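One structure is given below, encoded as structure tokens.
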Amino acid sequence: MAIPTGLGKQEAEGSAWRLMEVGETSQLSALAQKISGESLPHNDALVIQARVANYDVLRVFVENVYHEGEITLPLTLGTGDLRKTMMTVFTVVDAPSSYNIILGRPSMNEMRVVASTYHQKIKFPVRGRVGEVKGDQPSSRRCYGETVRVDQKKAKREGKGKESQEEVTRERKVHFVADDEQEMVEIEPGKHVWVVRDINASTRVNLLNCLKTNIGVFAWSQQKLAGISPQVAEHKLNILPRSRPMKQKKRHFGPEKDKVIEEQVGELLRAGHIREVQFPTWLSNVVLVPKSTGKWRMCVDFRDLNKVYPKDCYPLPRIDQLVDSTSGCELLSFLDAYQGYHQIPLALEDQDKASFITSGGTFYYVVMPFGLKNAGATYQRLMNHVFQRQIGRTIEVYVDDILIKTREVSIY
């Protein structure tokens, strides 16, 4: 088909569309390049200029997302008495995403939802009361990790005196494993680890053999913790001079929570992490914090104590940078330091200040407890000192969470 010459812009564009209809792709490409000057072929996104409400809007992104349609379903937020349900119109689109549903402003406005990314919560009114939904941080990090991809090149040399390089581009995806994708494996009686279900069989065998060979490296109970020498790390409060000691009035818990507190205090006594005290100058209450497993963790309300000493500004790693540093790795192993804070001794002159009261008596810590303002900074300083040659190479550390990253898994 011959392309008409001397056409105006509109006529030329009309010819281009007619060529598209009859399938003359080669002539279409030539005509399109002649009209607009773009280089072909390409995979560039389509960005245009449009006029919206009598204003010129630049950089309008045109996305070819196919809308399957709309469906109205009941949306429920909250649980129990603080539950709110509303019929919501969902727009179904054919587009890959790490998220199953995106909650938009229309639904949020109708349900009068207030969201806070800092507090990882949304709140909304329910019959004169306030309902809330907590954010799922592990899922949030998994969704972020699934967007991290990397192209990696591998060079191979073959033949004596000759070099040949083969570039293999592989798209890898960092996948954060959910609880239902793991299984508990017993490497010795009473000693378990979690292993991803779909791991390669040879890799699984090698991994478990490595753990069994080095099983003595790990502590499986508080009594087995060796602790850190004060010459390596020691936590000091550095209380400001002339600070007045504070004694909190004892809080009362129910029988069920008192039993939990009694059990955890007993474990701390048997491990040697706390001792009884008779005449403390400082005294704080215990608090029970729910864990993700549904159990309780006993902490101490050190807010009064935290007010009378300065903040340690030792920097903590950035979570997003740690996630990015794992891109391209074929195997990730996660270690959680067992009772990590309790492995660092508390300075002798500060031990009586870390006293707390329960229904069973008064006690003080001889090791660094949770809840102190600078405990995280002290622990991160220790980890950076211990793993200074490996951080950034084979491991990443955020306080007491350790990630071992393997660039390539050798199958042998």
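The values are calculated or read from the model by the stated rules, or taken from the named source; none is laboratory data. Just so you know, these numbers come straight off a predicted model, no measurement behind them. Counting neighbours? That spans all protein chains shown, and the Cβs are built from the backbone with ideal geometry, glycine included. The accessibility values were calculated without ligands, DNA or RNA, using every heavy atom of the protein model including side chains. Shrake-Rupley method; radii C 1.70, N 1.55, O 1.52, S 1.80 Å.
Taking segment 97-146 on its own, how many of its residues are surrounded by 11 or more Cβ atoms within 10 Å (Cβ to Cβ), charged (D, E, K, R) and free of Cβ contacts under 8 Å to residues at least 24 places away in the same chain?
Number satisfying all stated conditions: 4.
Every residue in segment 325-382 that is closer than 30 Å to LYS247 by Cβ and among the aromatic types (Phe, Trp, Tyr), please.
Selection gives TYR341, PHE356, PHE363, TYR364, TYR365, PHE370, TYR379.
Just to verify a result, which residue in segment 353-400, among those that are closer than 26 Å to PRO310 by Cβ and charged (D, E, K, R), is modelled with the lowest pLDDT?
Top of the filtered list is ASP400.
For segment 79-93: of the residues being charged (D, E, K, R) and open to solvent by 80 Å² or more (accessible area, probe 1.4 Å), which is modelled with the lowest pLDDT?
So the residue we want is ASP81.
Between a first residue in segment 375-397 that is among the small types (Gly, Ala, Ser) and a second residue that is assigned to a strand (DSSP E or B), which pairs have beta carbons less than 8 Å apart while being 6 or more apart in sequence or on different chains?
Matching pairs, first to second residue: ALA375/HIS235.
Considering segment 278-293 alone, what residues qualify as being part of a loop (DSSP other than H, G, I, E, B) and buried (at least 18 other Cβ atoms within 10 Å of the Cβ)?
PRO280, TRP282
Which condition from (1) open to solvent by 40 Å² or more (accessible area, probe 1.4 Å); (2) without any contact (Cβ under 8 Å) to a residue 24 or more places away in the chain is the one that MET246 breaks?
The number of the failed condition is (2).
Between a residue in segment 326-350 that is over 15 Å from GLY227 (Cα atoms) and any residue that is modelled with pLDDT of 85 or more and assigned to a loop (DSSP other than H, G, I, E, B), which pairs come within a Cβ distance under 6 Å, given they are 6 or more apart or on different chains?
Final answer for the pair search is ASP350/LEU237.
May I ask you to verify whether THR76 is open to solvent by 70 Å² or more (accessible area, probe 1.4 Å), assigned to a strand (DSSP E or B), on the phi < 0 side of the Ramachandran plot and not charged (D, E, K, R)?
Considered against the rule, which asks whether it is open to solvent by 70 Å² or more (accessible area, probe 1.4 Å), assigned to a strand (DSSP E or B), on the phi < 0 side of the Ramachandran plot and not charged (D, E, K, R), THR76 comes out as no.
Find the residue count for segment 196-223, including only residues that are open to solvent by 70 Å² or more (accessible area, probe 1.4 Å), within 19 Å of GLU330 (Cα to Cα) and of a type in the set (D, E, K, R).
Qualifying residue count for the region: 2.
Inside segment 179-206, can you point out the residues that are more than 24 Å from the chain's Cα centre (by Cα), under 22 Å from VAL409 (Cα atoms) and either in contact (Cβ under 8 Å) with a residue 60 or more places away in the chain or assigned to a loop (DSSP other than H, G, I, E, B) (or both)?
ASN200, SER202, THR203, ASN206
Look through segment 302-346, keep the residues that are of a type in the set (Lys, Arg) and at pLDDT 90 or above, and return whichever of them is nearest to the chain's Cα centre (by Cα).
LYS311
Working carefully through the options GLU13, GLU63, find the one that is modelled with pLDDT under 70 and surrounded by 10 or more Cβ atoms within 10 Å (Cβ to Cβ).
On inspection, the qualifying residue turns out to be GLU13.
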